[in-house]
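Below: one structure, written as structure tokens.
The values are calculated or read from the model by the stated rules, or taken from the named source; none is laboratory data. Since the structure is predicted, the reported quantities are computational estimates derived from the model, not experimental observations. We place every Cβ from the backbone using ideal geometry, glycine too, and count neighbours over all the protein chains shown. The protein model used for the area step is the full one, side chains on, heavy atoms only, and it has no ligands, DNA or RNA in it. Shrake-Rupley method; radii C 1.70, N 1.55, O 1.52, S 1.80 Å.
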Amino acid sequence: MEIRAKHMFTNATARLGTLFRACILLYSTVAFGQQSPDVFTVDTPLVHDPVMAIEDGIYYLYGTGNGISRYTSRDFKHWTGYRSGVMTVIPQWTRDSVPGFTQHVWAPDIIQFNGRWYMTYSCSTFGKNTSAIGLLSKSLLAADEPWRDEGCVIASRVGRDNWNAIDPNIVIDEQSRPWLAFGSFWDGIQLVRLDSSLHVAHGARPFTIARRYAPTDQNVADNPTSRDAGPNAIEAPFIYYHRGWYYLFVSWDYCCQGMKSTYRIAVGRSRQIIGPYLDRSGRDMLKGGGDIVLEGDKKTYEAVGHCAVYTVKGKPIMICHGYSIEKEGASVLVKKKSLPLSP
């Protein structure tokens, strides 16, 4: 998620985090009256880069924020928000690995694997690919226990790697093997094999599975937000397996600019998790292929992006964030139930 709220300079990120929390407080107070100092209730969560899990009938929603933002719901309509983040303590290794990173954690992902919950998250700074993906684990989401630090899954460095270790998504293939999709800008979306501890498997190396443009494209607009990141405006991968196909959802173009955002969601599919991922016309996502799934309608949302897809009550459902026109570009939860998947 290269050019989103996570990609602001450190001091700007701190101000954004303060503003984000203030907006949540104001919205919940106006809509529902005075709340507990630690929780609030809303019908439309203010969230960025949402992901979700379901445990014992309760929906758990997580997103970018100080320590990772969190909400819960019993009906997917009314949400309880928490002003304290998932991570009450930020591991020191994250600051050692990513100079300038503090506590504004980006783009988490969550999965249940071998009977335990695992959450990946991103640590980075604006416009740089010195980044790291961390891992947390917990036995039960409802349990009154802290998430356990499982260390670093993968890291990237300026001048060493032509990819960016952010926007993680763990996917389990048909053989029950875990993989990590990740990446933003630079050489695009990466895929790497994981071991049973959900760290990079011994000897495995990331490889590119999708780019915003083909390497041969000549008419590519400059990046308006970062010279270091380059114009390959693709990020936020999410791979969803459905009836024999792996669907790779990605976000194109630019987020985190409120009403100036141009984010939109594209998809391709493959019979194999390693690709190639093709769009409806047969164009490879490695060469800029992809079909638009959802974009701003300029009536309700200026732009939408960073999606996740789940099976809920037997049907696939997509969640993402959208830049609300009514709320002057604030980022809110968006749900989409009609997806272009195989019958």
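Each residue of region 126-139 was assigned a 3J(HN,Hα) from its phi angle through the Karplus curve 6.51 cos²θ - 1.76 cosθ + 1.60 (θ = phi - 60°); the sequence is 3, x, 10, 10, 7, 9, 8, 10, x, 9, 10, 8, 7, 6 Hz, with glycine and proline shown as x.
Quick one: which of 77/298; 77/128; 138/336; 260/337; 138/315 span more than 31 angstrom between C-alpha atoms? Before the final figure, lay out each step's value.
Details: 77/298 24 Å; 77/128 37 Å; 138/336 29 Å; 260/337 26 Å; 138/315 27 Å.
Violating the 31 Å Cα-Cα cut-off are 77/128.
Projecting the Cα atoms of 165, 252, 108 onto the dipole axis of the chain, where Lys and Arg carry +1 and Asp and Glu carry -1 at the beta carbon, places 252 farthest toward the positive end. If only the Cβ of Lys and Arg carry +1 and only the Cβ of Asp and Glu carry -1, the dipole of region 277-316 around its Cα centre is close to 180 debye.
The Cα trace of region 136-185 gives Rg and Dmax of 14.4, 42 Å, the first to one decimal, the second as a whole number. Contact order, relative form, for the chain: 13 percent (alpha carbon pairs under 8 Å, 6 or more residues apart, mean separation divided by residue count). Each residue, residue 274 and residue 300, gets one label point 7 Å from its Cα in the Cβ direction; the gap between the two is 4.1 nm. Largest GNM mean-square fluctuation across 147, 252, 106, computed for the chain with C-alpha springs under 10 Å, falls on 147. Between residue 259 and residue 337, the C-beta separation translates, for a Förster distance of 22 Å, into a calculated FRET efficiency of about 0.25. Exposed loop sites here mean trypsin sites (Lys or Arg not before Pro) with a DSSP loop assignment and at most 13 other beta-carbon atoms within 10 Å; the chain contains its longest site-free run at 78-159. Read through the labelled values [x] 135; [y] 213; [z] 153 and report the label of the one computed as volume of the Cα convex hull per residue in Å³ from the structure. Evaluating volume of the Cα convex hull per residue in Å³ on these atoms matches [x].
Placing pseudo-labels 7 Å out from each Cα toward the beta carbon at residue 205 and residue 222 gives an inter-label distance of 3.4 nm.
Considering only protein heavy atoms and a probe of 1.4 Å, how much of the accessible area of the chain is carbon and sulfur, as a whole percent?
Values: 7660 of 14930 Å².
Result for the chain: 51 percent of the exposed heavy-atom area is carbon or sulfur.
Dividing the summed -39500 (n - 2.57) terms of all DSSP H runs of n ≥ 4 by the residue count of the chain sets its mean residue ellipticity at 222 nm at -2500 deg cm²/dmol.
Applied to region 71-76, the Karplus parametrisation 6.51 cos²θ - 1.76 cosθ + 1.60 on θ = phi - 60° returns per-residue 3J(HN,Hα) values of 9, 9, 8, 9, 10, 6 Hz, with x for Gly and Pro. Accessible surface area normalised per residue over region 76-231 is 44 Å², counting heavy atoms of protein chains with a 1.4 Å rolling probe. An oblate overall shape is assigned to region 217-343, the ratio a/c of its alpha-carbon gyration tensor axes (a ≥ b ≥ c) being 1.5 or greater and a/b not exceeding b/c. Kirkwood's formula applied to the C-alpha pairs of region 83-242 gives a hydrodynamic radius of 16.4 angstrom.
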